[in-house]
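Before any comments, here is the structure.
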Amino acid sequence: MNTTESSFQRILLVDDDLVVRAKVSESLEQDGFKVILAKNGNDGITAYQEHHPDLILVDAVMPILDGFEFCEQLKNLGERLTPILMITSLDDNDSVDRAFASGATDYITKPINLSILRQRVRNLIRQSQLIKSQLNRLQQANQSLQLLANLDSLTKLSNRRGFDDYIQKEWTRMSKIKAPLSLIMCDVDFFKNYNDRYLHPNGDKCLIKVAMSMQNTVRRTGDLVARYGGEEFAIILPNTDALGAVSVAENVRSAIKSLQIVHEASAVCPYVTVSVGVSTIIPNHENDFQALIHAADRALYQAKSQGRDRVSMIVA
């Protein structure tokens, strides 16, 4: 490993022997490593928490807190990825087994051969970097899978699962700050008739246009537009009161109607329209988000029963 490769690597050296600390740190610093020194296990724990080193060298036999106990404490702190090279004068099988059981990645015996030590250090850091890189790629892949799991394949909006996750999160957040949470439920009017007249592929195209219109209309960061199911959509509006929610709902209704998607099978308008239900509540521990959903559903039913292509409001 050259100096450029190692200059950002930090090594924590925990040893009660001043001579060992001096010789080992000098050797490693010549290779370009930054060495952090601790003279006992307790200081080592403190240094680990402060500096988060890329590798730890720890003496097995120390007063106060020995190397085995040091490793055990690191495990209790949740440390699993930082490699630990134990320095020991004990080379019996029981001591070696104890070193690995306590969390050491490898060990080297005293007297220390500095050339072998540097090689072990380089190998352990390379292995650690590879593992962390693989874990990072796995985490990114999992995040991508999570995103896909919450995405509606047709409209590219959040799906019902994404809606459920988000409304639960925002319900909890609004409850803490005692702020209103509003929900808009939209249903494409006479959509079954649309599918029957223009066939399902065109029905899908219609839903995509409706979804894009909603997404373009609801622009505020933190608001969520989701496909609730079939031709029904939902819009979650955190920290939005009833008047604000109704205003957003009217904008959405108007924007969709202005698309002028021909709908000759509609009983309310020659173009595609939506009925919209709105509800607002200030979350608290005495209710849950289902109350908000039920109220918005009732408001949607009310909008349909009053003639469709309109907004209806019910306070939960």
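The values are calculated or read from the model by the stated rules, or taken from the named source; none is laboratory data. Note that the structure is a prediction, hence the values are computed from the model and not measured. All Cβ positions, glycine included, derive from the backbone under ideal geometry; neighbour counts span all protein chains shown. What goes into the accessible areas is simple: the full protein's heavy atoms, side chains included, and nothing from ligands, DNA or RNA. Shrake-Rupley method; radii C 1.70, N 1.55, O 1.52, S 1.80 Å.
How many Lys pairs in the range 58-187 lie less than 29 angstrom apart by Cα atoms, where the lysines are 8 or more positions apart or on different chains?
So the count works out to 4.
Classify the range 151-262 as rounded, prolate or oblate from the Cα gyration tensor: take a ≥ b ≥ c as the square roots of its eigenvalues, call it rounded if a/c is under 1.5, otherwise prolate when a/b beats b/c and oblate if not.
prolate
With the crude spin-label approximation of a point 7 Å out along Cα→Cβ, what separation in nm comes out for Ala265 versus Ala291?
The answer from the label model is 4.0 nm.
In debye to the nearest 20, how big a dipole does the chain give about its Cα centre with +1 on each Lys and Arg Cβ and -1 on each Asp and Glu Cβ?
Charge dipole of the chain: 1460 debye, to the nearest 20.
Along the charge dipole of the chain, which of Ala226, Leu199, Val35 sits closest to the positive end, that is, farthest toward it, with unit charges on the beta carbon of Lys, Arg, Asp and Glu (+1, +1, -1, -1)?
Leu199
Roughly how many Å² is the accessible area per residue of the chain, as a whole number, for a 1.4 Å probe?
Each residue of the chain exposes 51 Å² on average to a 1.4 Å probe.
Out of (i) 19.2, 56; (ii) 27.7, 111; (iii) 31.3, 92, which label holds the value of Rg and Dmax of the Cα atoms in Å that was computed here?
Among (i) 19.2, 56; (ii) 27.7, 111; (iii) 31.3, 92, the one calculated here is (iii).
I need the peptides 66-74, 158-166 ranked by packing, meaning the mean over residues of other C-beta atoms within 10 angstrom, with the highest value on top.
In decreasing order of mean packing, 66-74, 158-166 become 66-74, 158-166.
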